[in-house]
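The values are calculated or read from the model by the stated rules, or taken from the named source; none is laboratory data. For clarity, every value in this text was computed on a predicted model and none was experimentally measured. Because the Cβ atoms are built from the backbone with ideal geometry, glycine has one as well, and the counts that use them run over all protein chains shown. Ligands, DNA and RNA are excluded from the accessible area calculation, which covers all protein heavy atoms including side chains. Shrake-Rupley method; radii C 1.70, N 1.55, O 1.52, S 1.80 Å.
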Amino acid sequence: MKIEQTVQTTPQAALEITDLGVAYESTWVLDHIDLTVKQGEFIGIIGPNGAGKSTLLKTLAGLIRPSRGEIRFPAARGRRHPVGYVPQRFDLDPDLPLRARDLVGLGLDGHRWGFAWPNAQRGRKIEQALAQVDLTGFADHPAGKLSGGQLQRVLIAQALVSDPELLLLDEPLSSLDLASAQTVVDVVHRVSQNLGVTVLLVTHDMNPLLPVMDRLIYVVNGQAVIGTVDQVVQKDVLDKLYGYDVEVLRLHGRILVVGDETASGDAAGFEHR
Amino acid sequence: MTWYQYIWAPGIWGNPAVHTAWTAGTLVALASGTVGVFVVMRGQSFTGHALGDVGSTGAAGAFLAGVGALWGFLAAGAVTGGSIEWLGRRVRERDIATGVVMAFMLGLSALFLYLVSIYTNASNAPMAILFGSLFTVSPSLQPALLGLSIAALAILALIYRPLLFSTATPEVAQSRGIPVRLVGLAFMLALVVAAEEAALAVGAILSTALLIGPAATAARMARRPGMAVLLAAGLAVGNIWLGILLAYDSYWWPPIHTGWPVSFFVTVVSLGMYAAGGLIQRVRTTVREGGR
Ligand SMILES: Nc1ncnc2c1ncn2[C@@H]1O[C@H](COP(=O)(O)OP(=O)(O)O)[C@@H](O)[C@H]1O
Ligand SMILES: [Mg+2]
């Protein structure tokens, strides 16, 4: 599947962002973002509420047009869908006449006109995608009656089935219990390894990602820094990003940025949401 | 008289008004049922209801202008549907836009219906517009209804997958390059047609019974979208047929032997189906859980 890419000696960039700026009406929500993500990287996007994480992801997904700058997907050339996008948490009506298989099927050919006539190959692709997210046997389960973690994984399968270069996940761990969150992290990690998919995963808590992510993008007040955890989660780097003093605490292998959620709202002029 | 003649009341097959009601009702039901499923899934019941209501404005206006009521229904629906799409671009604004537009249109309706009752001697026209009278539908309307229903079904068939995608996960659909707004607009067109056809058949303010009732029942009972659409079409047609049958039978009922309004029976059957659907679903869940 990835023969072409493995032959190349230097991995191509999956994503190149140059001088990206996004404004809602007249407020700049993202400004002067420059970063490059390598193919196959697992990137966490971290930052306080209202920092612009979702805006960044939506812009990459093509839902928001950048006000300035450029976004390129060099490695995805030739693919129909450079990105597979899983939006921030939403609910489905439990009575919706829609099965997990239907949601995944829409990811496969939902952009085509007319009906999807059942055929064996289509069914196999759908079941394969569900197997990739550990949901074998859930194909006929009503989508609205899946648990939060299961729905997240179905949506990941829906994104994967289009064979994207990048997987964009907006807060897939929020509102999940620890065990379900861990399952989602494991599934995404395995998928990125097995399929060589580049992952950008937004979370306000970086700790569940520490064992699996290659680098992180730290977003505060519309500014972003990219690097490894050791490079970025440093007092001097974060002080500059936040614009005031924060403390970085490392406790039992967990990282805590103190001063973040409590002050970011007022000091930065952003509202808590 | 044998027992079944009480059900198949004498003459039901030979009555031309019943024939027209049957064909017209079936055509209308097919459009309403199928479109209705997406109305329910998209949470647009209020819009569907509003479109039916404002049909009264158009129908009354058409009556004053001496034009066929169907065209009045459709014109009012198109204006309202267009305004809602134009004003309610964001989801949250949508219900408000619908409410505001509907209120204005119903104000016009009050004026037009008043003028109808004052300046024409068709004293029963307002009743027919608001509550419908399937037995008085002119046979000459059948080709138009056939064309409209085919148009609504064709739109749905064409945009089926993108519509389902935009309905279930709109942001994902948009990220995959689906013109979500355009798809929504095309669906609105099908909805206007279905809602106004239903308004003509069972009355402006009762059209919801046909548009939402069978579809809501089907959406709740079916597990897959295609099945929900087929089931809704079947239930809507059954709903109309049963309504017509009961209305015809009611000719023999007290107090005066003139028959009760068809629309009354259509709403009763619609509600009955919805309740029965809920009951069946509850039994199903209990059985499934009890079997574990
Ligand atoms: N549609 C919008 N219109 C105007 N402002 C918005 C919109 N969406 C988000 N914002 C603002 O942009 C900023 C970044 O939001 P968002 O990207 O959702 O942050 P995050 O996902 O990091 O919590 C916030 O201040 C938010 O209030
Ligand atoms: Mg967010």
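Per-structure values
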read-out	value
Check on residue B:114, without any contact (Cβ under 8 Å) to a residue 12 or more places away in the chain, touching a helix residue (DSSP H, G or I) at 6+ places or on another chain (Cβ under 9 Å) and within 14 Å of another protein chain (Cβ to nearest Cβ)	no
Filter result for the condition that a residue is within 16 Å of ligand 2 (Cβ to nearest atom) and either away from every other protein chain (no Cβ under 14 Å) or open to solvent by 20 Å² or more (accessible area, probe 1.4 Å) (or both), over A:219, A:161, A:246	A:219
Any hit, region B:133-149, residues being open to solvent by 20 Å² or more (accessible area, probe 1.4 Å) and within 14 Å of another protein chain (Cβ to nearest Cβ)	no
Condition check for residue A:140: surrounded by fewer than 22 Cβ atoms within 10 Å (Cβ to Cβ) and either within 14 Å of another protein chain (Cβ to nearest Cβ) or farther than 30 Å from residue A:259 by Cβ (or both)	yes
Qualifying residue in region A:18-34 (condition: touching a residue at least 24 places away in the same chain (Cβ under 8 Å), away from ligand 2 (no atom under 16 Å from the Cβ), closer than 18 Å to residue A:84 by Cβ and part of a strand (DSSP E or B))	no
Residue tally, condition free of Cβ contacts under 8 Å to residues at least 60 places away in the same chain and within 19 Å of the chain's Cα centre (by Cα), over region A:86-107	5
Qualifying residue in region B:258-269 (condition: outside any helix (DSSP H, G or I), closer than 29 Å to residue B:133 by Cα, in contact with a helix residue (DSSP H, G or I) (Cβ under 8 Å, 6 or more places away or on another chain) and open to solvent by 90 Å² or more (accessible area, probe 1.4 Å))	yes
Odd one out for residue A:155, checked against (1) modelled with pLDDT of 95 or more; (2) within 9 Å of chain B (Cβ to nearest Cβ); (3) open to solvent by 40 Å² or more (accessible area, probe 1.4 Å)	(3)
Residue B:162 vs. criteria buried (at least 24 other Cβ atoms within 10 Å of the Cβ), out of contact with any Gly (no Cβ under 6 Å at 6 or more places or on another chain) and either more than 10 Å from chain A (Cβ to nearest Cβ) or under 24 Å from residue A:168 (Cβ atoms) (or both)	yes
Residue B:200 within 19 Å of residue B:144 (Cα to Cα), part of a helix (DSSP H, G or I) and within 16 Å of the chain's Cα centre (by Cα)	yes
Candidate set from region A:170-185 (those that are more than 12 Å from chain B (Cβ to nearest Cβ) and in contact (Cβ under 8 Å) with a residue 40 or more places away in the chain); member that is most open to solvent (accessible area, probe 1.4 Å)	A:175
Residue within region B:83-96 that is buried (at least 17 other Cβ atoms within 10 Å of the Cβ), more than 14 Å from chain A (Cβ to nearest Cβ) and free of Cβ contacts under 8 Å to residues at least 24 places away in the same chain present	yes
Residues (of a type outside the set (A, V, I, L, M) and either free of Cβ contacts under 8 Å to residues at least 40 places away in the same chain or open to solvent by less than 10 Å² (accessible area, probe 1.4 Å) (or both)) located in region B:35-57	B:36, B:38, B:43, B:47, B:48, B:52, B:55, B:56, B:57
Failed item, numbered, when residue B:182 is tested on (1) surrounded by 22 or more Cβ atoms within 10 Å (Cβ to Cβ); (2) more than 10 Å from chain A (Cβ to nearest Cβ)	(1)
Residues of region A:190-201 satisfying the condition of being away from chain B (no Cβ under 14 Å) and within 16 Å of ligand 2 (Cβ to nearest atom)	A:201
Among the candidates B:278, B:226, residue that is in contact with a helix residue (DSSP H, G or I) (Cβ under 9 Å, 6 or more places away or on another chain) and surrounded by fewer than 16 Cβ atoms within 10 Å (Cβ to Cβ)	B:278
Identity of the residue in region A:19-68, under 14 Å from residue A:222 (Cα atoms) and away from ligand 1 (no atom under 15 Å from the Cβ), that ends up least open to solvent (accessible area, probe 1.4 Å)	A:35
Residue in region A:194-206 that is within 20 Å of residue A:155 (Cα to Cα) and in contact with an Asp or Glu (Cβ under 6 Å, 6 or more places away or on another chain) present	yes
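Residue by residue, here is whether (1) more than 16 Å from ligand 2 (Cβ to nearest atom); (2) within 15 Å of residue B:174 (Cβ to Cβ) holds:
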{"residue": "A:53", "(1), (2)": "no, no"}
{"residue": "A:60", "(1), (2)": "no, yes"}
{"residue": "A:65", "(1), (2)": "yes, yes"}
{"residue": "A:69", "(1), (2)": "yes, no"}
{"residue": "A:73", "(1), (2)": "yes, no"}
{"residue": "A:78", "(1), (2)": "yes, no"}
{"residue": "A:82", "(1), (2)": "yes, yes"}
{"residue": "A:88", "(1), (2)": "no, yes"}
{"residue": "A:96", "(1), (2)": "yes, no"}
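Okay, residues lined up against (1) at the interface with chain B (Cβ under 10 Å from one of its Cβ atoms); (2) within 24 Å of residue B:223 (Cα to Cα); (3) out of contact with any helix residue (DSSP H, G or I) (no Cβ under 7 Å at 6 or more places or on another chain):
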{"residue": "A:73", "(1), (2), (3)": "no, no, yes"}
{"residue": "A:85", "(1), (2), (3)": "yes, no, no"}
{"residue": "A:93", "(1), (2), (3)": "yes, yes, no"}
{"residue": "A:97", "(1), (2), (3)": "yes, yes, no"}
{"residue": "A:101", "(1), (2), (3)": "yes, yes, no"}
{"residue": "A:104", "(1), (2), (3)": "no, yes, no"}
{"residue": "A:107", "(1), (2), (3)": "yes, yes, no"}
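Matching residues to (1) modelled with pLDDT under 90; (2) out of contact with any Gly (no Cβ under 8 Å at 6 or more places or on another chain); (3) farther than 29 Å from residue B:27 by Cα; (4) more than 14 Å from chain A (Cβ to nearest Cβ):
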site	(1), (2), (3), (4)
B:106	no, yes, no, yes
B:109	no, yes, no, yes
B:120	yes, yes, yes, yes
B:127	yes, yes, no, yes
B:151	no, yes, no, yes
B:167	no, yes, no, no
B:170	no, yes, yes, no
